[in-house]
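Peer 1: I have a structure here, written as structure tokens, and I will follow up with some questions on it.
No lab work stands behind these numbers, since they all come straight from the coordinates. Keep in mind it's a predicted model, so treat the numbers as computed, not measured. Neighbour counts run over all protein chains shown; Cβ positions are idealised from the backbone, glycine included.
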Amino acid sequence: MGTTLYLQQARCVPEGESVDRTVPLQVRDLAFRYVDKARASNWGVNVATLQLAQGEQVLLTGRSGSGKSTLLYLIAGLLDPTRGSIIVGGTDIHSLHGRARDAYRGRGIGMIFQTFNLLSGFTALENVLAALMFSSIPGSEHDTRARSLLEQLGIKRFDDDVSELSVGQQQRVAVARAVVCDPVLVLADEPTASLDPENASAAMKLIQDLCEKKGAALLCASHDHSMAQRFDRKIDLEDLAGQPSSTEPLRA
Amino acid sequence: MMTDFTLIRRSLRARLLSSVLTAFLVALAVALLLSMLSLREASRRAFDRGSGNVQLILSADSSPMASVLNTVFYTGSPARSFKWDAYSESLKKLPLEFAIPVQQGDSYRGFPILSTTPEFFVQSRPDPEREWQLERGAFFKKEFEVVLGSAAAQASGLKPGDQIFLTHGQSDFNSREADPAADESKYPTLKQALAQIHKYAPFTVTGVLKPTGTSHDRAMFAELSSSWIIHAHEKRRLKNPALTATTAADLTNEDRLITGVLIRCKTPPGSSESPVLPRVYDELRRSYPALTVAFPAQEVERLFGIVTQVDSIFLALAVAVLVSGALSILIALYNSMDQRRRQIAILRVIGCSQPRIFGLIVTEAAVIGFIGALAGVILCVAANKLTAVLMFRQLGLVVEPTLLLQPALIVTLAAVFLSALAGLIPAVMAYRTSIVRNLQPVG
């Protein structure tokens, strides 16, 4: 019944339609099964329900290999679930196919990775502009938007190749790329794992501040429990399987 | 603002050496193809112009082809000379528009000298469509005067009023600067060269011709009886060293030697073909069995046939090089795919669709093809200029290949199309790139 209700709420939006910012994420009855023939193993991700409110910041924890990254990729529409629905910004992302899903992801979801995944050989500015290139934001705004965001993040060497920037600066460029299109949801996959504790804390603060400023909900996968106090909620992936999402309030 | 071309440009820059080398291969193929096509066209034009309005050539060469090559294209000296008086009268009985005697064998600084009568400039034409025209000065009217072809004048720096001594045979010895009066015994190295110079009298340049686009441009045209006089004088001085002067009045039948007769049969006005040509041809062959009667148009056609066969092989080679250029694009892009999967996965994450990734790779291949084709066109223009210079210097052929716009467009489009085709396999690989696997291990 609940599933039906969620599916009815989800609209299959054509490319270019605006994202409903009041519904950043609703996951219902999700199952993903993966058979690794090479390793003769079989594993998966199960989520009964998971919901993020507008601007909410949630820490997703779980042991290594539990499927945190896989859940993020499922939410981003990069993997297809075996069952269930994932509604991002009011739209079931898996009801969209091909180009429409890619466009929707580009417009509504920002992703931050542990290894930053910046476009090598491109400048800091171009890395941010690349995200705008696939969005529906008018081209005339791209340059101003990207420059102003990088300036806010303290990046001055716009035209330097990203490989010439420090690790901290690369991290900031990656964050800028994730939020430049004003996404409804930011998915961060171990974003601070490659940084020392001091820089990790600063980077996480930056991500959270920026998401807050842009009004984007944040789902951050991390095995670092020390970060938990910074978030509205902490969820353990294993608790999500087959039971309602645990909602343990962490900050006021 | 970033566009797809920014992505393509960056990708090309990231693999600069490979991109440049593959584009260069395409450029070579395009240049080869276009040069062959322009050369073929230019050769056709040069050969067509070559014999002008001359319909038959009478000479003592061993074959009609040798006769045409020597007399029309100045590729060598005619084999033998023969007495003009033995033929001049009998030729008058045939229905001819003209029968102009020519003598070859002398040169000036490597430029061939064609000694002929003033009728040459009046009745013969360098091009069926055009008469001889002067750039400067006048045609020769009397003895010891010479008119220069445009290229010969330009290369030699001679102008009307200058005087030159002709050299016997084809030699690039500079007879203008060498002083015929120099003490030969003091200059043993000069001695042999000076002995080749016709020192009896200098020729005065009276005019410079306008360019004709034929081999005549690199020739010099001397008055025929003067040529007879200098040769007769030298022959007589061997017997009588005290002889100081020889004039036209002293010439005998033995002296009036020529190497060819340029003939045009009576042709109705406005027509390029003469109804009496076959009859005159047969008559000449029957009457003068010791001489060769050449049909320049036919020989030029044969010559062009040989050239065409050779350049067909080059054309096939050029097409093969173009295909291998496209294959090299395929290999270069295919090999780069492993390094690019991560980049492709990132682009997909930020919203780039699979068809757009496919299009980016195909466009990148096409851009390599396009840059290569453009470089090829530029290379072709340079090669054409070089070919013109080499053909002129080595063969004396005035071949001016010009870039043909329509073939250039077709070859460029073909290069772009083949390159895009070569990009299809890498593009399919890019299209099918797994995002998750190439970002980081699923965990």
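Peer 1: Taking the simple approach of a point 7 Å from Cα along Cα-to-Cβ for both B:Ala86 and B:Ile313, what is their distance in nm?
Peer 2: In this crude label model, B:Ala86 to B:Ile313 measures out at 4.1 nm.
Peer 1: Where in region B:58-74 does the label zone of B:Glu301 land, with the point 7 angstrom along Cα→C-beta and an amide N cut-off under 15 Å?
Peer 2: Taking a point 7 Å out along Cα→Cβ of B:Glu301, the residues of region B:58-74 whose backbone N falls under 15 Å are B:65.
Peer 1: In nm, what is the difference between 0.36 nm times the number of residues separating B:Gln154 and B:Arg279 and their Cα-Cα distance? Kindly include the intermediate steps, with their values, before the conclusion.
Peer 2: Values: separation 125, 0.36 × 125 = 45.00 nm, distance 4.21 nm.
This chain segment gains 40.8 nm when fully extended.
Peer 1: From the C-alpha gyration tensor of chain A, pull out the three semi-axes of the equivalent ellipsoid (sqrt of 5λ each), sorted largest to smallest, in whole Å. Can you show the working numbers first?
Peer 2: On the way: eigenvalues 160, 94, 61 Å².
So the three semi-axes of chain A are 28, 22, 17 Å.
Peer 1: Label-point separation (nm) for A:Ser120 and B:Leu386, each offset 7 Å from Cα along Cα-to-Cβ?
Peer 2: The modelled label-to-label distance comes out at 3.9 nm.
Peer 1: To the nearest 500 deg cm²/dmol, what mean residue ellipticity at 222 nm is calculated for chain B from DSSP H runs of n ≥ 4 alone, each contributing -39,500 (n - 2.57), summed and divided by the residues?
Peer 2: Details: 14 runs with 230 residues, N = 443.
Helix contribution divided over all residues of chain B: -17500 deg cm²/dmol.
Peer 1: Given a Förster distance of 41 Å, report the FRET efficiency between B:Arg13 and A:Gln54 from their Cβ-Cβ distance, rounded to the nearest 0.05. Write out the running numbers ahead of the final one.
Peer 2: Values: r = 42 Å, r/R0 = 1.03.
With R0 = 41 Å, the Cβ-Cβ based efficiency is 0.45.
Peer 1: Using only the Cα atoms of chain B, construct the convex hull and provide its projected area averaged over every direction, in square nanometres to one decimal. Please report the intermediate quantities before stating the final value.
Peer 2: On the way: hull surface 121.8 nm².
In nm², the orientation-averaged hull projection of chain B is 30.4.
Peer 1: Under DSSP H, which helices of chain B have Cα atoms covering 27 Å or more of the helix axis and a Kyte-Doolittle average no less than -0.5? Please report the intermediate quantities before stating the final value.
Peer 2: Numbers: long enough: B:16-50 (48 Å, 1.11); B:296-349 (73 Å, 0.84); B:354-390 (53 Å, 1.61).
Going by DSSP H runs, the hits are B:16-50, B:296-349, B:354-390.
Peer 1: For an R0 of 51 angstrom, estimate the FRET efficiency from the Cβ-Cβ distance between B:Val323 and A:Asp182 and round to the nearest 0.05.
Peer 2: On the way: r = 49 Å, r/R0 = 0.97.
The formula returns an efficiency of 0.55 here.
Peer 1: Take the cross-link list B:Lys142/B:Lys266; B:Lys210/B:Lys266; B:Lys92/B:Lys266; B:Lys83/B:Lys235; A:Lys205/A:Lys234 and give me the ones stretching past 19 Å between alpha-carbons. Walk me through the numbers before you get to the answer.
Peer 2: Numbers: B:Lys142/B:Lys266 28 Å; B:Lys210/B:Lys266 27 Å; B:Lys92/B:Lys266 12 Å; B:Lys83/B:Lys235 16 Å; A:Lys205/A:Lys234 16 Å.
Beyond 19 Å: B:Lys142/B:Lys266; B:Lys210/B:Lys266.
Peer 1: Starting from the Cα-Cα distance between B:Asn253 and B:Ile410, subtract it from 0.36 nm times their residue separation and give me the gain in nm to one decimal.
Peer 2: Numbers: separation 157, 0.36 × 157 = 56.52 nm, distance 6.08 nm.
Additional length available on full extension: 50.4 nm.
Peer 1: Still on this structure, I have one more. Let me have the 222 nm mean residue ellipticity of chain A computed from DSSP H runs of 4+ only, each contributing -39500 (n - 2.57), with the sum over all residues rounded to the nearest 500. Could the numbers behind the result be given before it?
Peer 2: Values: 8 runs with 86 residues, N = 252.
Computed ellipticity for chain A at 222 nm equals -10500 deg cm²/dmol.
Peer 1: Provide Rg and Dmax in Å for region B:293-443, with only Cα atoms included in the calculation.
Peer 2: 23.0, 92
Peer 1: Could you list the square roots of 5 times each eigenvalue of the Cα gyration tensor of region B:53-295, that is, the equivalent ellipsoid semi-axes, sorted largest first and rounded to whole Å? List each step's numbers first, then the result.
Peer 2: Details: eigenvalues 196, 90, 47 Å².
Here the semi-axes work out to 31, 21, 15 Å.
Peer 1: Follow-up. Would you please give the residues with an amide H less than 5 Å from that of B:Leu134, counting only those at least 5 places away or on a separate chain, with H modeled from the backbone geometry?
Peer 2: For B:Leu134, whose amide H was placed from the backbone, the distant partners under 5 Å are B:Lys210.
Peer 1: Calculate the FRET efficiency for B:Ile331 and A:Ala241 from the Cβ-Cβ distance with a Förster distance of 56 Å, rounded to the nearest 0.05. Present the calculation step by step, with values, prior to reporting the outcome.
Peer 2: Values: r = 48 Å, r/R0 = 0.86.
Once rounded, the FRET efficiency stands at 0.70.
Peer 1: Another one. Please list the three semi-axes, largest first and in whole Å, of the ellipsoid equivalent to the protein assembly as shown, using sqrt of 5 times the eigenvalues of its alpha carbon gyration tensor.
Peer 2: Numbers: eigenvalues 1648, 129, 69 Å².
Value: 91, 25, 19 Å, ordered largest first.
Peer 1: Along the Cα→Cβ direction, 7 angstrom out, place labels at B:Thr75 and B:Tyr431. What is the inter-label distance in nm?
Peer 2: That separation, rounded to one decimal, is 5.5 nm.
Peer 1: Another question, if that's okay. Could you pull out every residue, at least 5 positions away or on a different chain, whose amide H is within less than 5 Å of the one on B:Gly105? Hs are placed 1.01 Å off N in the peptide plane, and Pro or chain starts have none.
Peer 2: Those qualifying (amide H under 5 Å, at least 5 residues apart or on another chain) are B:Ile113.
Peer 1: Here is a further query. Restricting to bridges with both residues inside region A:2-249, how much of the DSSP beta-bridge set is antiparallel, in percent to the nearest 5? Show your work: numbers first, answer last.
Peer 2: On the way: 21 of 39 bridges.
Here the share of antiparallel DSSP bridges comes out near 55 percent.
Peer 1: Subtract the Cα-Cα distance of A:Ser140 and A:Asp209 from 0.36 nm times their separation in residues, and report this length gain in nm to one decimal.
Peer 2: Values: separation 69, 0.36 × 69 = 24.84 nm, distance 2.66 nm.
Residue separation times 0.36 nm, minus the Cα-Cα distance, leaves 22.2 nm.
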